[in-house]
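Structure record follows, encoded as structure tokens.
The values are calculated or read from the model by the stated rules, or taken from the named source; none is laboratory data. Note that the structure is predicted; figures quoted are calculated from it, not measured. Quick reminder, even Gly has a Cβ in these numbers, built from the backbone with ideal geometry, and neighbours come from all protein chains shown.
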């Protein structure tokens, strides 16, 4: 009988112990998987969001996008950038505060995003995507006053594509008492950087300026740029153009976010991973050691009958592998469900984009998960394997008879 | 000759000082021998049996098994020697509870690398030999004490050993069942396997052709019938 089958029979012999071990590993493995998903999840998710619409360079007035002063002389700056040989197109991106009055209930505070694409005249039609994804209805056209809204706003204001949306928009820091603007909703859209409960409206920059009553200077919050293929080269060219702006490739943006705080997640998850693995090792070691100690007489008898030392050691290792393996398999769906639940809780924090995920399952995380489980099985079996490998056969048989 | 022990002693180092379990024993076991070892508790019977079975090594003296100096064999080679040439029967049977009777008997054959078909045939023969064909698929918990010991004897005979060692094989059995086991062991010996039994059971010891009596770790006297 092969060691693995033999170990399986040994485990079935003590189902409560085996179940305890498997469930323990499943729980610990699930936590371990979540820690690994968390360690790099934000970075992966942030990169995915940045890359989603094909804009590979962010140009901002400060160190990080949307976290510094606005870009002044935005039209000139965008045109200059769009005319660089390494740039295909630039998108002006402006955010304004908005208020949507609702009959019989309180007003909603929303954001109106205005965008406008610039490209060099000699390059023909440049196809670019606005920084949102249409869910239903259609995207905005060239008509003034066309907007798309996100699902939370549609639900809260009971507005569907084809409806009219009335809102008051302010383009300056101070609140203004502006007259309401009437906008035409063409579709529902997902805005990747909006929070779970944030209300967002998207339209052209012209729509935004009109909504602001013309009371808007030539400033934008961000420029999104598409390079012709070499993002690093294009970003360097923008910086060299002396426009007083900060151009960052998506890689650089992710790197700065990591410096600014994402690395804490990795550190925390590393510490928790170490604690989790230690707990799993201790759990399985205790279970196997107790089991082995209960069977010393049997093991000594098997050795007396001629089973080799390596064979009885292999039996113990196989038990560990079976417990950790079965628990590890169970830990995958369990960890996935746990991650989904935790992700929803974390995404509900204010200011966190709804499309950003804290837990992302990558092949690398799965590989590390597998490697750590293998390490757990080996470490957990080390002490009980030592017990059986150094078992004095004669003394144990004698003790069993006396006992 | 299967075993040639010359002046073997076994001394255990204990916190209170060394304890001499076996003292200067010289003993030969020949093919087909039927030896019983008896004596008061703690006189060194089991320790001597363990040395004869190569699970323990003498502190001094020499012990040759089939001409090989046991002290010079590695643990792996000693395991192989036990697997193929020595059978053990224990007072407490030590059957594996999660395996059936036939699987318990099959285990040493599997360990020795015997092919599946041959294993099945051999297991069937052995269970028939000990009269347990009908109990082949029963687990130890479903067997009586006598049946468990018969399975243990079948397991010990699996690889056709030259020498069968039994340590108080009737110690856990009632008189009638013990008698059945004694008859079975006699049959094993009659079929050509050398047999060494450590026992307090007078009737079992009385069946042996050589009766060794031990006292204080030494063979006090040997009687032959």
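Which residue, of A:398, A:386, is within 30 Å of residue A:295 (Cβ to Cβ) and at pLDDT below 90?
Of A:398, A:386, the one residue that is within 30 Å of residue A:295 (Cβ to Cβ) and at pLDDT below 90 is A:398.
Could you list, in sequence order, all residues of the range B:68-83 that are in contact (Cβ under 8 Å) with a residue 24 or more places away in the chain and more than 7 Å from chain A (Cβ to nearest Cβ)? If the condition is that a residue be in contact (Cβ under 8 Å) with a residue 24 or more places away in the chain and more than 7 Å from chain A (Cβ to nearest Cβ), then B:78, B:81 are the ones that fit. Criterion applied to A:317, A:334, A:322 was being at pLDDT 95 or above and closer than 20 Å to residue A:371 by Cβ, and the one residue passing it is A:334.
Within the range A:138-168, the set of residues being in a strand (DSSP E or B) and either closer than 20 Å to residue A:178 by Cα or free of Cβ contacts under 8 Å to residues at least 40 places away in the same chain (or both) comprises A:146, A:147, A:164, A:165, A:166, A:167, A:168.
Rundown of residues vs (1) surrounded by fewer than 15 Cβ atoms within 10 Å (Cβ to Cβ); (2) modelled with pLDDT under 90; (3) not assigned by TED's automatic domain parsing to the domain that holds residue A:375, yes/no style:
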residue	(1), (2), (3)
A:211	no, yes, yes
A:230	yes, no, yes
A:249	no, no, yes
A:270	yes, yes, no
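Among B:97, B:108, which is the only one that is more than 14 Å from the chain's Cα centre (by Cα), at pLDDT below 95 and facing chain A (nearest Cβ under 10 Å)? When all the criteria are applied, what remains is B:97. Reported count of residues in the range B:15-25, each being free of Cβ contacts under 8 Å to residues at least 40 places away in the same chain, assigned to a strand (DSSP E or B) and either away from chain A (no Cβ under 14 Å) or within 18 Å of residue B:89 (Cα to Cα) (or both), is 2.
Here's the yes/no breakdown for (1) away from chain B (no Cβ under 14 Å); (2) assigned to a helix (DSSP H, G or I); (3) surrounded by fewer than 22 Cβ atoms within 10 Å (Cβ to Cβ):
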{"position": "A:200", "(1), (2), (3)": "yes, no, no"}
{"position": "A:234", "(1), (2), (3)": "yes, yes, no"}
{"position": "A:239", "(1), (2), (3)": "yes, yes, yes"}
{"position": "A:257", "(1), (2), (3)": "yes, yes, yes"}
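Among the residues of the range A:325-333, are any within 14 Å of chain B (Cβ to nearest Cβ), in a helix (DSSP H, G or I) and on the phi < 0 side of the Ramachandran plot? No, the range A:325-333 has no match at all. Residues being part of a helix (DSSP H, G or I), out of contact with any strand residue (DSSP E or B) (no Cβ under 8 Å at 6 or more places or on another chain), without any contact (Cβ under 8 Å) to a residue 12 or more places away in the chain and crowded, with 16+ Cβ neighbours inside 10 Å are represented in the range A:12-23 by at least one member. In the set (1) touching a strand residue (DSSP E or B) at 6+ places or on another chain (Cβ under 9 Å); (2) away from chain A (no Cβ under 11 Å), residue B:90 fails one condition alone, (2).
Filtering the range A:1-25 to residues that are away from chain B (no Cβ under 14 Å) and farther than 17 Å from residue A:375 by Cβ leaves A:16, A:19, A:20, A:22, A:23.
A single member of B:157, B:195 is in contact (Cβ under 8 Å) with a residue 60 or more places away in the chain, more than 14 Å from chain A (Cβ to nearest Cβ) and closer than 25 Å to residue B:79 by Cβ, and it is B:195.
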